[in-house]
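Please read the structure below before turning to the comments.
The values are calculated or read from the model by the stated rules, or taken from the named source; none is laboratory data. Since the model is a prediction, treat every value here as computed from it, not as a measurement. In this analysis, Cβ positions are derived from the backbone assuming ideal geometry, glycine residues included, and neighbour counts consider all displayed protein chains.
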Amino acid sequence: MLPSSAKVVVVGGGVLGTSAAFHLAEAGVEDVVLIDRGPVASGTTPMAAGQTGYLNSDRFATDFGLYNVEFFENFEQKTGHAIDFHQNGSLRITLTEEYHQDLERRLEVAAQIGDDARIISSDEARQMVPLLAPAEDCRIMLMPRDGWVEPKSVAVAFAAAAVDRGVRIHTGVPVTGLVHDGQRVSGVTTPEGVLRTDWVVLAAGAWSRQLSQPLGVNLRSVPVRHQAYVTARLADSRPDQPIVRITEPQFYVRPEAGGLLVGGYGYRPLSFDMDEFEDGFEIAALEADQVYYAQLQAAAEPFFPVLENAVRVQDRRGLPTISPDGRMVISEPDGAQGMIVLTACGVGGVDRSPGAGRIVADIVAGRDQWIAPEILGANRFGDKFVDDVTLRARCEEVYAHHYHDVY
Ligand SMILES: Cc1cc2nc3c(=O)[nH]c(=O)nc-3n(C[C@H](O)[C@H](O)[C@H](O)COP(=O)(O)OP(=O)(O)OC[C@H]3O[C@@H](n4cnc5c(N)ncnc54)[C@H](O)[C@@H]3O)c2cc1C
């Protein structure tokens, strides 16, 4: 039965909410309850490609990413639960001068932090990824510490680790509203009654903006569709091959179940107001945009000719949340003290989940924040992107330039 009060209520059991719950418990915060209207990991999380990557031309993002990669490398030791992590590196392939320069900046950051990332030849790349046909004059950077996780395994492991540490998880319970006195949030409403609390952590994925709107909070983070697909088994697809990211047509390929998983950005970006969907809409029911898939396919085939005749056996699509500057939003918004929003992780919420959860725990436990609060503050946009049209257009644009790093 749902309790009537708790110290902290986490709304949402995706990879971000479960990480927050774990990090809260790990920080010694007691009496934490996590609520999801479905099972754990039933939103966008299980759709993800689960790629991890820490090396960025932006130093903040690299420092943040280093915490995450170190966490994934030691996940079982830190949490007591194993995840399905394949740390086989990644290849970042650039075709034009603009992106060659981006590669140079990444190499500089790699040198600063003593990382093994390096430029490799097309022949070396083909040995690692036999199905890859690199373009002439491309540059290829190998980042050996990158990898991918099976995304559901991360959320489930965080949830289990949180329970081990005393967190109570209630699934099948929708949060219907937030209790608010005009300044402070002091509870959540559910069909099972009101749950009073000192802190609400709003980690409801695509629904966070909608849930906070009745409070007068205009969260600058909107859901934007992202799609990928998986092929049937392919000869020469190696389970241990690195991820391939090709920057100009903006797509990625990684091994999956004997075939390839292919996803890409910038193909018909489309944001949503969750009010457009019927009550009870689930991510799994998100309609496929076949034009998006056709454009993605056309972009990927020249570099992976095998895709031309590959059988598509699984579609993956969901609604990651994006902010106007491409950075996460993790803070208490003005006018809603006691509520920490945890959103706008871009198409990177799995990768960023350890660090994002840690920031939530810092705030609640009153610890010095590891990342300067203004960087991820909900109020940093001031009077910009206030109306929905401007906000959504900007977030779609940010999504469309995903491989530009922090945009
Ligand atoms: C095709 C695809 C590929 C991707 N690839 C990658 C990748 O390679 N690497 C990476 O890091 N990320 C990737 N992502 C992005 C990643 O999936 C997201 O950033 C991440 O899953 C977001 O997690 P979340 O916890 O915010 O949201 P969700 O997983 O959607 O969780 C939100 C939860 O909140 C619950 N909820 C919502 N409303 C309520 C309510 N009113 N009451 C109670 N519960 C509620 C939902 O049921 C859901 O379980 C990809 C996404 C897609 C779609």
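Restricting Ala336, Ala344, Ala298 to residues that are among the hydrophobic types (A, V, I, L, M, F, W, C), surrounded by 15 or more Cβ atoms within 10 Å (Cβ to Cβ) and away from the ligand (no atom under 14 Å from the Cβ) narrows the list to Ala336. All of Asp368, Asp351, Asp362 fail the test of being within 16 Å of the ligand (Cβ to nearest atom), acidic (Asp, Glu) and either part of a loop (DSSP other than H, G, I, E, B) or surrounded by 15 or more Cβ atoms within 10 Å (Cβ to Cβ) (or both), apart from Asp351.
Listed here are the residues, each with its yes/no results for (1) among the acidic types (Asp, Glu); (2) within 11 Å of the ligand (Cβ to nearest atom); (3) surrounded by 18 or more Cβ atoms within 10 Å (Cβ to Cβ); (4) part of a helix (DSSP H, G or I).
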residue	(1), (2), (3), (4)
Ala49	no, yes, yes, no
Phe60	no, no, no, yes
Asp63	yes, no, no, yes
Asn68	no, yes, yes, yes
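Please work out if Pro130 is in a loop (DSSP other than H, G, I, E, B) and buried (at least 18 other Cβ atoms within 10 Å of the Cβ). Criteria not met by Pro130.
Gln297 - would you say it is without any contact (Cβ under 8 Å) to a residue 40 or more places away in the chain and either assigned to a loop (DSSP other than H, G, I, E, B) or not charged (D, E, K, R) (or both)? So Gln297 fits the description; yes.
Can you find a residue that is assigned to a helix (DSSP H, G or I), at pLDDT 95 or above and within 11 Å of the ligand (Cβ to nearest atom) anywhere in the range 214-233? No. Just one of the listed residues (Pro151, Pro130, Pro174) is touching a residue at least 40 places away in the same chain (Cβ under 8 Å), of a type outside the set (D, E, K, R) and away from the ligand (no atom under 15 Å from the Cβ), and it is Pro130. Is it the case that Val109 is at pLDDT below 95, among the β-branched types (Val, Ile, Thr), surrounded by 18 or more Cβ atoms within 10 Å (Cβ to Cβ) and in a helix (DSSP H, G or I)? Considered against the rule, which asks whether it is at pLDDT below 95, among the β-branched types (Val, Ile, Thr), surrounded by 18 or more Cβ atoms within 10 Å (Cβ to Cβ) and in a helix (DSSP H, G or I), Val109 comes out as yes.
Return the residue satisfying two criteria in turn: it lies in the range 371-392 and is part of a helix (DSSP H, G or I) and touching a residue at least 60 places away in the same chain (Cβ under 8 Å), and of such residues it is nearest to Leu296 (Cα to Cα). Explain how you work it out, then say what you get.
Keep residues of the range 371-392 that are part of a helix (DSSP H, G or I), which gives 373-376, 388-392.
Narrowing the set further to residues that are touching a residue at least 60 places away in the same chain (Cβ under 8 Å) leaves 375, 388, 391-392.
Numbers: Ile375: 33, Asp388: 28, Leu391: 25, Arg392: 22 Å.
Only one residue tops the list, namely Arg392.
Annotation note: Cβ proximity below 7 Å between a residue of the range 52-78 that is under 14 Å from Gly349 (Cβ atoms) and a residue that is part of a helix (DSSP H, G or I) and aliphatic (A, V, I, L, M) (sequence gap 6+ or interchain) occurs for Thr52/Val69.
Scanning the range 85-104 for residues that are modelled with pLDDT under 95 and closer than 20 Å to Thr52 by Cβ turns up Asp102, Leu103.
Conditions tested, residue by residue: (1) outside any strand (DSSP E or B); (2) under 11 Å from Lys152 (Cα atoms).
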site: Val8; (1), (2): no, no
site: Gly28; (1), (2): yes, no
site: Leu34; (1), (2): no, no
site: Gly43; (1), (2): yes, yes
site: Pro46; (1), (2): yes, yes
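If the condition is being more than 11 Å from the ligand (Cβ to nearest atom) and either surrounded by fewer than 20 Cβ atoms within 10 Å (Cβ to Cβ) or charged (D, E, K, R) (or both), then the range 250-265 contributes Gln250, Glu256, Ala257, Gly258. Evaluate the range 27-41: report whether one residue or more is among the small types (Gly, Ala, Ser), away from the ligand (no atom under 11 Å from the Cβ) and farther than 19 Å from Pro174 by Cβ. The answer is yes, given that some residue of the range 27-41 is among the small types (Gly, Ala, Ser), away from the ligand (no atom under 11 Å from the Cβ) and farther than 19 Å from Pro174 by Cβ. In this structure, does Ala125 turn out to be assigned to a loop (DSSP other than H, G, I, E, B), away from the ligand (no atom under 14 Å from the Cβ) and within 30 Å of Pro249 (Cα to Cα)? Criteria not met by Ala125.
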